[in-house]
Ligand code: SF4
């Protein structure tokens, strides 16, 4: 939620959408809410979230309770910030892996403590890499042999291509290794250190020594 400088009395709730996928029922619920709350603009963000612009502050809590797009999970620093996912093998002819369940599972990971900084996840079901997995804190890219897991990428002010942690992973192996990697990051990195800076400091060999 944030206030808008041009309209200080209006706010922008940002409920998530699992893997960027919306059903007819979701879309009907959203359009009904937009009409009833008289919301002037909805933005689909690069992180596959919705930004509701121009809503009156006193209506925010009620609107959030009606949306329920994020499986009812409140935001927590013990979980990843968001996961972007491509349509995966159910919807794209190039897809080698299913992505919706993987996205939901990663979003639901309850870590051993609060993360040092926000962690963004990109899940791509083939090498074309539509979700820019190499420049996310956690990246997954599907290959015939299994998932490749990448850690420490960043697309912001100082871009960094992440490091390959492991490949040939099954869904369960990928999920377990993500959890282990993030738990190592949260107990080792200083507060407010993004994964890219952390990896520049410690190097991939040190990470592998501790998580593989
Ligand atoms: S990453 Fe591959 S599987 Fe996913 S949407 Fe792009 S082309 Fe399709």
Subset of the range 110-131, residues surrounded by 16 or more Cβ atoms within 10 Å (Cβ to Cβ) and in a loop (DSSP other than H, G, I, E, B), comes to 111, 115, 116, 117, 119, 125, 126, 129, 130, 131
*asked:* Against the definition (away from the ligand (no atom under 16 Å from the Cβ), part of a loop (DSSP other than H, G, I, E, B) and closer than 28 Å to residue 21 by Cβ), how does residue 158 come out, yes or no?
replied: no
Here the residues within the range 185-209 that are surrounded by fewer than 16 Cβ atoms within 10 Å (Cβ to Cβ) and in a helix (DSSP H, G or I) are 187, 188, 200, 201, 204, 205, 206, 208, 209
Inside the range 165-184, the number of residues satisfying the requirement of being in contact with a strand residue (DSSP E or B) (Cβ under 8 Å, 6 or more places away or on another chain) and in a helix (DSSP H, G or I) is 7
Considering every residue within the range 88-101, establish whether at least one is within 25 Å of residue 27 (Cα to Cα), away from the ligand (no atom under 16 Å from the Cβ) and buried (at least 16 other Cβ atoms within 10 Å of the Cβ).
no
Going through the range 45-65 in order, the residues found to be at pLDDT below 85 and either farther than 30 Å from residue 123 by Cα or surrounded by fewer than 15 Cβ atoms within 10 Å (Cβ to Cβ) (or both) are 45, 46, 55, 56, 57, 58, 59, 60, 61, 62, 65
Scanning the range 107-135 for residues that are touching a helix residue (DSSP H, G or I) at 6+ places or on another chain (Cβ under 8 Å) and within 16 Å of the ligand (Cβ to nearest atom) gives 121, 122, 123, 124
Out of (1) part of a loop (DSSP other than H, G, I, E, B); (2) away from the ligand (no atom under 12 Å from the Cβ), the one residue 150 does not meet is (1)
### Message
Checking the structure you have, find out if any residue of the range 132-150 is within 22 Å of residue 50 (Cβ to Cβ) and out of contact with any strand residue (DSSP E or B) (no Cβ under 7 Å at 6 or more places or on another chain).
### Response
no
Going through the range 149-163 in order, the residues found to be surrounded by 23 or more Cβ atoms within 10 Å (Cβ to Cβ) and either closer than 18 Å to residue 212 by Cα or out of contact with any helix residue (DSSP H, G or I) (no Cβ under 9 Å at 6 or more places or on another chain) (or both) are 149, 150, 151, 152, 162
Of the conditions (1) in a loop (DSSP other than H, G, I, E, B); (2) farther than 15 Å from residue 150 by Cβ, the single one that residue 80 does not satisfy is (2)
Among the residues of the range 134-144, are any touching a residue at least 60 places away in the same chain (Cβ under 8 Å), within 11 Å of the chain's Cα centre (by Cα) and surrounded by 24 or more Cβ atoms within 10 Å (Cβ to Cβ)?
no
Residue 137 passes all but one of the listed conditions (1) modelled with pLDDT under 95; (2) closer than 20 Å to residue 79 by Cβ; the exception is number (1)
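The values are calculated or read from the model by the stated rules, or taken from the named source; none is laboratory data. Computed from a predicted structure; not experimentally measured. As a convention, Cβ positions derive from the backbone with ideal geometry for all residues, glycine included, and neighbour counts pool all protein chains shown.
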